[in-house]
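Worksheet: the structure to be examined is printed underneath.
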Amino acid sequence: MAEILPSIFGANLMALKNEITFLEAQGFRTLHLDMMDGSLVPNIAFGPDHVSVIKKNTAMKVDVHLMVSAPEKIIDKVIAAGVDMISIHYEATIHHIDILQRIRKAGIKAGIVYNPSTPLSSLKYLLGYVDYVLLMSINPGHWGQRFLELTFERVQEVRDIIGNKNIAIEIDGGVNAEIATRLREAGVSLIVVGGDLFNGDKMENAARLNAAIAE
Ligand code: DX5
Ligand code: ZN
C-alpha cells in the first residue's frame, strides 16, 4: 500500500505546529524532513536539534532525508533525535555500509538515496543493509521543481535489483497527484510531496493526493 509523505520543507514554517496538526488530521502517517548542509546541496535546512523538537511534538513517524556531505560525522546526533527512518545520499560518503549499520542498530529504518543521474550499480551490494531506496526525481536542494520522467525507468531498474526482497521504494521531488498515481502503479510505496500539498488550498490538495494513491 502506498503512502504520501508530506515534506515539511514545503510547509509554512511560521505555523509549523498548525501545519503538523493539519497533516495528522488528514491521516498522513509519516513526515518527510530534509536536512541540508549547504555543501552536498546548495541550501541549508534543519539541524538534529530541530528534528528532535519536531519529533517530540508529533505522533507521526519522522523520515529524515539527510542531504549532507560526510554523513558519518553527524549521524549519531541524527540517530539520537529519535526518528523512525534515516536515509543517506550515496554521493555523500564512501562509508555507506558502516553508516547504514549504525542506523539499523538503533532500531531505525535505513535508506540509501540516489540523485537522478547517479548509476544504481552499487545497490546490489547494499541490499542487505537497507530498508528502503530513495530515488530523487529532481536535483535535490529546493522544493517546487519539475518531476523528471526518467524516474520511472529508474524505479524499474531498482525493482529488478531488489527482486523479492522486502525493500521499499521512496520517490522525492516534483510529485503531484497524477504522478503519485503513476508511481503507485509502478510499485512505489513511499511518495514524498512538498509543493503540491502546501501551495494553495491544503485541504483540497490533501484530499486529492490521498485519493490519487487509494487502491
Ligand atoms: C528537495 C527535497 C524534497 C522537497 C520536495 O531537495 O528533498 O523533499 O521538499 O518538494 P516538492 O514536492 O515540492 O518537490
Ligand atoms: Zn527530501
*asked:* 7 Å from Cα along Cα→Cβ at both LYS56 and ASP76: what's the point-to-point distance in nm?
replied: 2.1 nm
*Net charge contributed by nearby residues that have their C-beta within less than 10 Å of LEU134 (K/R +1, D/E -1)*: -3
_Checking the table LYS55/LYS124; LYS77/LYS165; LYS73/LYS109 against a 27 Å threshold on Cα-Cα, which pairs fail?_
LYS55/LYS124; LYS77/LYS165
*asked:* As an exercise, use a Förster radius of 45 Å and the Cβ-Cβ distance of SER69 and ASN164 to find the FRET efficiency, rounded to the nearest 0.05.
replied: 0.85
_Give me the net charge for the shell around MET35: Cβ to Cβ below 12 angstrom, other residues only, Lys and Arg +1, Asp and Glu -1._
-3
*Taking the Cβ of GLY194 as the center, what net charge do the other residues with Cβ under 14 Å away carry, scoring Lys and Arg +1 and Asp and Glu -1?*
-4
*Under the classification rounded if a/c is under 1.5, otherwise prolate if a/b is larger than b/c and oblate if not, where does segment 25-69 fall, given a ≥ b ≥ c as square roots of the Cα gyration tensor eigenvalues?*
prolate
*Which residue, chosen from GLY144, VAL175, VAL83, occupies the Cα position most advanced towards the positive end of the dipole of the chain, where the dipole is computed from +1 (Lys, Arg) and -1 (Asp, Glu) charges on Cβ about the Cα centre?*
VAL83
*Using alpha carbon centroids, what distance separates segment 1-66 and segment 144-215, in Å?*
17 Å
_Dipole in debye (nearest 20) - segment 103-187, about Cα centre, beta carbon charges: Lys, Arg +1; Asp, Glu -1_ = 340 debye
*Can you work out the FRET efficiency for the pair ASP201 and SER39, with r the C-beta to C-beta distance and R0 = 30 Å, to the nearest 0.05?*
0.25
*Mind giving me the nanometre distance, one decimal, between the label points for ASP98 and GLN156, set 7 Å out from Cα along Cα→Cβ?*
3.8 nm
*Classify segment 3-213 as rounded, prolate or oblate from the Cα gyration tensor: take a ≥ b ≥ c as the square roots of its eigenvalues, call it rounded if a/c is under 1.5, otherwise prolate when a/b beats b/c and oblate if not.*
oblate
_Can you compute the charge dipole magnitude of segment 1-129 about its Cα centre, using +1 on each Lys and Arg Cβ and -1 on each Asp and Glu Cβ, nothing else charged? Give it in debye, rounded to the nearest 20._
340 debye
*Please work out the FRET efficiency for the pair TYR125 and ARG146, using the Cβ-Cβ distance as r and a Förster radius of 35 Å; give the result to the nearest 0.05.*
0.65
_With only alpha-carbon atoms in the gyration tensor, what are the semi-axes of the equivalent ellipsoid for segment 109-177, in Å, largest first?_
21, 12, 11
*asked:* Order 14-25, 184-195, 156-167, 55-66 from most to least packed using the mean count of other Cβ atoms within 10 Å.
replied: 184-195, 55-66, 14-25, 156-167
*asked:* About the Cα centre, and with charges only on the beta carbon of Lys, Arg (+1) and Asp, Glu (-1), how big is the dipole of the chain? Nearest 20 debye, please.
replied: 500 debye
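No value in this document is a laboratory result; all are computed from the given coordinates. Only a predicted model underlies this, so the values are computations on that prediction, with no experimental measurement involved. For neighbour counting, all protein chains shown are included, and Cβ atoms are generated from backbone atoms with ideal geometry for every residue, glycine included.
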